[in-house]
Amino acid sequence: MGNLSGKTAVITGGNSGIGYATAKQFKADGANVIITGRSQEKVSAAADELGVIGLVADVSNLSALDHLVEQVKERMGVLDILFVNAGIFAPAPVGQNSEEMFDTQMGINFKGAVFTIEKFLPVLNDGGAIINLSSINAYTGMPNTSIYAASKAALNAYTRTAATELAPRNIRVNAVNPGPVTTPIFAKTGMQEEQLNDFANAIQKRVPLKRFGKPEDVANLVSFLASDDASFITGGEYNIDGGMNINPILS
Ligand code: NAD
């Protein structure tokens, strides 16, 4: 999608879904890619399939992030692209949000994203690109997403300030806000197959383009934002949602 030849990229949560599709796209566009994830088995399997380097690091653990940065330094020296993609979705109605669900979602989706950036900044080249994977939930009042939505809204706020502050180094920072995308993230909530199908049908009806996004749809946008073709784009947020965010009256 973009020309990434000669660039080095790290994708957090690259063993599955959107991260995996983006690793494939980055590689096709000429980048040297490192993917990360939490499970050694899954990261190694994905890295082998993709022909990229796979490293294990839980983004909610700051010492694991320090170790990850050291490993990336050893393997690649410096970095041009950081795709902050790792995230989880733990739906619950207001009134039933537990402290544990709050800490886990904020710890991975917000704190994990922030400290991924903070820790990688010293090895990120001037002129580099950071892309944060947020969600249109940052702006919608979709039921059962209060904490998830807050974690993504917080990430978008951090993105704007980071874009301003890193501009002197010509590091561009942008956020991508997908609508519903077909990935394993929904099955990981523990919902049964029938519930998942009902949920998917209800959501799909509300998308003007009448489909879920594909991970490749998002990968194309991320690859463009990572490339020099996007060299005047920073501090932006890009909805990629089949129009879901602009049309609340579809049933
Ligand atoms: P996915 O479950 O397929 O992938 C999530 C990835 O994040 C996995 O590789 C997982 O190992 C990794 N991950 C989770 N917790 C981690 C941790 N603590 N440390 C390191 N890695 C961790 O789901 P996906 O849909 O591809 O999700 C990718 C991103 O897209 C997430 O940030 C998610 O919030 C966001 N998103 C997804 C959708 C959607 O509909 N699928 C919509 C909007 C935003």
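Where a number appears in this text, it was derived from the coordinates with a stated rule and is not lab data. It should be emphasised that the depicted structure is a prediction, and the values quoted were computed from it without experimental measurement. Every residue, glycine as well, gets a Cβ built from its backbone with ideal geometry; the counts of neighbours run over all protein chains shown.
Overview of values
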{"read-out": "Single unsatisfied condition, Ile34 versus (1) in a helix (DSSP H, G or I); (2) over 14 Å from the mean Cα position of the chain (by Cα); (3) under 24 Å from Glu118 (Cα atoms); (4) not basic (Lys, Arg)", "value": "(1)"}
{"read-out": "Condition check for Gly95: without any contact (Cβ under 8 Å) to a residue 60 or more places away in the chain and assigned to a loop (DSSP other than H, G, I, E, B)", "value": "yes"}
{"read-out": "Selected residue (criterion: surrounded by the fewest Cβ atoms within 10 Å (Cβ to Cβ)) from residues of segment 69-92 that are part of a loop (DSSP other than H, G, I, E, B) and aliphatic (A, V, I, L, M)", "value": "Val78"}
{"read-out": "Residue list for segment 37-68, filter: in a loop (DSSP other than H, G, I, E, B), over 17 Å from the mean Cα position of the chain (by Cα) and either buried (at least 22 other Cβ atoms within 10 Å of the Cβ) or of a type outside the set (S, T, N, Q) (or both)", "value": "Gly51, Val52"}
{"read-out": "Filter result for the condition that a residue is touching a residue at least 12 places away in the same chain (Cβ under 8 Å), in contact with a strand residue (DSSP E or B) (Cβ under 7 Å, 6 or more places away or on another chain) and not in a helix (DSSP H, G or I), over Ala113, Ala129, Ala162", "value": "Ala129"}
{"read-out": "Residue match in segment 144-154 (condition: among the polar types (S, T, N, Q), outside any helix (DSSP H, G or I), over 13 Å from the mean Cα position of the chain (by Cα) and at negative phi)", "value": "yes"}
{"read-out": "Cβ pairs under 7 Å, 6+ apart, first in segment 67-80 and free of Cβ contacts under 8 Å to residues at least 60 places away in the same chain, second of a type in the set (S, T, N, Q) and surrounded by 19 or more Cβ atoms within 10 Å (Cβ to Cβ)", "value": "Leu68/Thr36"}
